[in-house]
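The values are calculated or read from the model by the stated rules, or taken from the named source; none is laboratory data. Keep in mind that this is a model prediction, so the values were computed, not measured. Backbone-built Cβ (ideal geometry, glycine too); neighbour counts: all protein chains shown.
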Amino acid sequence: MDIFGQQVHLNRRQALSGLGRGLLGLGALGATGASLSACTSSQLNDQPEAKKSTRSITVGSKGFAESWIMGELYAQGLRNLGYTVDLKTNVGSSDIISTALLSGQIDLYPEYTGVMVVSFMGEEKLMDSAEQTYDLAQTWADDNQVTMLQATPFENKNTVAVRRDFADQHDLKTVSDLKGIGDFTYSTYPDNVTGGQGYEGIVDTYDLENMKLKTLSIGLNYQAIERGEIDAADVFTTDPQLLRSDLVVLDDDKKIFGFQNVVPLVRDDTFAELDDDASGFLDELQSLLTLEAIQAMNEASAINRLDPAQVATMFLDENGLM
C-alpha cells in the first residue's frame, strides 16, 4: 500500500455538497474517497466479533482544532472496533505530547512528519519530497520504539497566499515570481518573523528585498488581505478560510516550508497488542484525509462552530467507518 494513499481531486461544489446539504463536504468526500484504500470498510466490518479486542488505549491530541478532530477520528473509530479508548485533548506542544507518548502516558496520537524531522531530529537540510520526509521521520520512530502508520494525502504547512487580482496583475504562480515586482507588503504572526520558514527565511531564500513586513495576529491576515491592507499573507494550507477567500496559494518552488503530512504514532508495545482491524481502520482513515476533507472538517469546527467530536462522527459515518 502506498504510504501516501491516492490524492483525490474534488472541486468546491463537491467539497461542500453531500452531508447536511451544503453544511459540510464530508458526504461527497467520503463517497469519492472510499475507494482509495486496499482495505475497505466492508472488510473492516466483516472482522469476526471474537477477534475484536477489549484492550484499552489512550489517544492524545494537541491544542488546536485540526488535532482535536484527528484525535476524535482515531478514538471514535477504535471504539467502534471494540476498544476502550481514553481520549486526552490539549496534551500540549509536539515536544510535550511526544514525551507523553514515549513515557506511556498516551499510546497513540497524530503528528506531522516535518515536525518530527525538524523538531525531534534537528534536521536543517531541506527535504526534496514528502516521501523523503516520511522516510527520515521513520528513522526517529524506529529509534524510539514507535510504529508510524500511513501518512495522510493532506499536509498542513505554512505557505504564501496573494489576492487573485494581485496574482493576475503580476502573473504570480510561485514564491519566486514575487521577486522584481516592486515593493509589496507581506504579513505573518509575530512569532514567525525569524527562522528559516519565517519572514526572514523567505526574504533570504527567495531574495525578496522588496517584501515589506507587517505583523498581525493569527487569523487577522485574511481580513487584511481581503481589504487590500496587505498584498501577501502567511497562511496554513488547511485553513478553512481558503475555501471562502478568493486567494491564490503560491507554489513554494524552493521547498523551504517542507512537507507536513500527518501520521499516527503508536508505541511499539501498544501496536503489538492491537488486532489487525485497528491498523486497517487507521490506514483507511488516513487515506481518506485529503486536503479537501480536512479543510471541510476544519471549516465545520472553526467557522460553523460544530464540536470536533460531532464533526468526526459525521465524517466516519459518511465513510462507512462507524
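Brief remarks on what is shown
- Residue in segment 133-142 that is within 27 Å of ALA233 (Cα to Cα) and in contact with a strand residue (DSSP E or B) (Cβ under 9 Å, 6 or more places away or on another chain) present: yes
- Inspection of segment 104-112 identifies no residue that is assigned to a helix (DSSP H, G or I) and outside the structural domain of ASP239 (by TED's automatic domain parsing).
- Scanning segment 146-178 for residues that are basic (Lys, Arg), crowded, with 16+ Cβ neighbours inside 10 Å and not in a loop (DSSP other than H, G, I, E, B) gives a single hit, ARG163.
- Residues that are part of a loop (DSSP other than H, G, I, E, B), basic (Lys, Arg) and at pLDDT 95 or above occur in segment 179-191; there is at least one.
- Residue match in segment 79-93 (condition: modelled with pLDDT of 95 or more, part of a helix (DSSP H, G or I) and more than 16 Å from the chain's Cα centre (by Cα)): yes
- Selection within segment 243-291 - modelled with pLDDT under 95 and within 19 Å of the chain's Cα centre (by Cα): LEU243, ARG244, LYS255, ILE256, PHE257, GLY258
- Test: residue in segment 145-168 that is touching a residue at least 12 places away in the same chain (Cβ under 8 Å), more than 30 Å from PHE281 (Cβ to Cβ), touching a Ser or Thr at 6+ places or on another chain (Cβ under 7 Å) and polar (S, T, N, Q): yes
- Subset of segment 169-194 (residues that are among the β-branched types (Val, Ile, Thr) and touching a residue at least 12 places away in the same chain (Cβ under 8 Å)): THR174, VAL175, ILE181, THR185, THR188, VAL193
- Annotation: of all residues in segment 192-206 being closer than 16 Å to ILE218 by Cβ and at pLDDT 90 or above, the one that is surrounded by the fewest Cβ atoms within 10 Å (Cβ to Cβ) is VAL193.
- Residue within segment 75-91 that is closer than 29 Å to MET314 by Cα and free of Cβ contacts under 8 Å to residues at least 12 places away in the same chain present: yes
- Where strands (runs of 3 or more DSSP E) sit wholly within segment 215-322, none has at least 2 residues that are polar (S, T, N, Q) and surrounded by fewer than 20 Cβ atoms within 10 Å (Cβ to Cβ).
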